[in-house]
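The values are calculated or read from the model by the stated rules, or taken from the named source; none is laboratory data. The model shown is predicted, which means the values in this text are computed figures rather than measured ones. All Cβ positions, glycine included, derive from the backbone under ideal geometry; neighbour counts span all protein chains shown. We work out accessible area using only protein heavy atoms, side chains counted, and drop any ligands, DNA or RNA first. Shrake-Rupley method; radii C 1.70, N 1.55, O 1.52, S 1.80 Å.
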Amino acid sequence: MLNLVIFGAPGSGKGTQSEKLIDNYGLYHISTGEVLRDHIARGTELGRVADTYISRGQLIPDDLMIHILGDLLDNDPRAAEGVIFDGFPRTINQAKALNKMLAERGSKVHAVIGLEVDDDELVDRLLLRGQQSGRADDNLDTIKQRLHVYHSQTQPLQEFYKEEGKYHSIHGSGAIDDIFDDIRHSLARADVHPKKQ
Ligand code: AMP
């Protein structure tokens with residue numbers, strides 16, 4: 001069982017590269033942002049709470065987010081076959097909780113892929129995505145807040161995972177396929193190989 005974390009700022013390409021990782025490494029995708037947006041679309045109580053944070057560009061509180069992730073791991077049998085975690089963890093507390101939850105299930109995070117992109121490019125990408133997809137939090141004010149939250153609360157995870165020897169720094173600008181090649185080569189150096197060659 002292989003568990004990967006795809007890590008990076010909003011707009012760094014986590015969703016796009018996740019699709020390639022799922023396809024090539026045979027992983028199950030857990031995107032916490034998508035799970036929350038699905039709750040908002042269905043009008044659930046959780047969706048109502050999540051929307052108050054997401055629309056302000058803030059993080060959902062750790063205890064709630066960790067509880068949601070635990071439910072996802074427990075309730076979907078595909079999660080036991082290996083997961084790509086997209087958008088989780090976003091804080092040191094979440095990273096520690098993920099280590100604990102996976103250890104309790106006899107597993108671990110094998111590698112973290114960090115997509116690194118300049119803030120100016122991130123803003124341009126997110127504004128474009130907002131126009132194309134209509135995602136409500138892809139407007140300039142919320143984007144700036146999300147980048148601030150990323151730098152203050154999420155970026156410290158780079159050090160956390162570097163200390164664990166799991167962090168793979170990837171230059172996230174350029175052609176999608178070239179970035180994926182870099183990811184593949186970096187994972188191969190950690191002895192993580194695709195199912196499809
Ligand atoms: P994303 O689709 O990953 O960019 O997430 C969209 C929004 O959902 C974020 O800006 C947060 O408000 C919320 N969110 C997603 N994942 C998490 C998480 N792991 N912890 C806290 N909030 C999250």
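Among Ile6, Ile68, which is the only one that is within 11 Å of the ligand (Cβ to nearest atom) and either within 11 Å of the chain's Cα centre (by Cα) or not in a helix (DSSP H, G or I) (or both)?
Working: Ile68 fails: either within 11 Å of the chain's Cα centre (by Cα) or not in a helix (DSSP H, G or I) (or both).
Matching residue, one of Ile6, Ile68: Ile6.
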Is it true that some residue in the range 98-106 is under 25 Å from Arg37 (Cβ atoms), open to solvent by 10 Å² or more (accessible area, probe 1.4 Å) and among the aliphatic types (A, V, I, L, M)?
-> yes
Given (1) within 14 Å of the chain's Cα centre (by Cα); (2) more than 24 Å from Leu64 (Cβ to Cβ), Thr91 misses just (2)
Among Gly43, Gly26, Gly57, the single one that is in contact (Cβ under 8 Å) with a residue 60 or more places away in the chain and either open to solvent by 50 Å² or more (accessible area, probe 1.4 Å) or under 21 Å from His148 (Cβ atoms) (or both) is Gly57
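Hey, among Leu115, Leu140, which residue is hydrophobic (A, V, I, L, M, F, W, C) and out of contact with any Leu (no Cβ under 8 Å at 6 or more places or on another chain)? Give the steps one after another, and end with the answer.
On the way: Leu140 fails: out of contact with any Leu (no Cβ under 8 Å at 6 or more places or on another chain).
None of the others qualify; the one that does is Leu115.
Among Asp38, Asp86, Asp62, Asp51, which is open to solvent by 60 Å² or more (accessible area, probe 1.4 Å), modelled with pLDDT of 95 or more and farther than 23 Å from Asp141 by Cβ?
Details: Asp86 fails: open to solvent by 60 Å² or more (accessible area, probe 1.4 Å); Asp62 fails: open to solvent by 60 Å² or more (accessible area, probe 1.4 Å); Asp51 fails: farther than 23 Å from Asp141 by Cβ.
Result of the check over Asp38, Asp86, Asp62, Asp51: Asp38.
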Report yes if Gly70 is touching a residue at least 24 places away in the same chain (Cβ under 8 Å) and touching a strand residue (DSSP E or B) at 6+ places or on another chain (Cβ under 7 Å), otherwise no.
-> no
Does the range 71-82 include one or more residues that are surrounded by fewer than 17 Cβ atoms within 10 Å (Cβ to Cβ) and more than 30 Å from His193 (Cβ to Cβ)?
-> yes
Could you list, in sequence order, the residues of the range 1-23 that are of a type in the set (Val, Ile, Thr) and open to solvent by 40 Å² or more (accessible area, probe 1.4 Å)?
-> Thr16, Ile22
Given the residues Val123, Val149, Val112, Val117, which is the only one that is at pLDDT 95 or above and within 19 Å of Val192 (Cα to Cα)?
-> Val112
Of the residues in the range 138-197, those that are assigned to a helix (DSSP H, G or I), under 16 Å from the mean Cα position of the chain (by Cα) and of a type in the set (A, V, I, L, M) come to Leu147, Val149, Leu157, Ile183
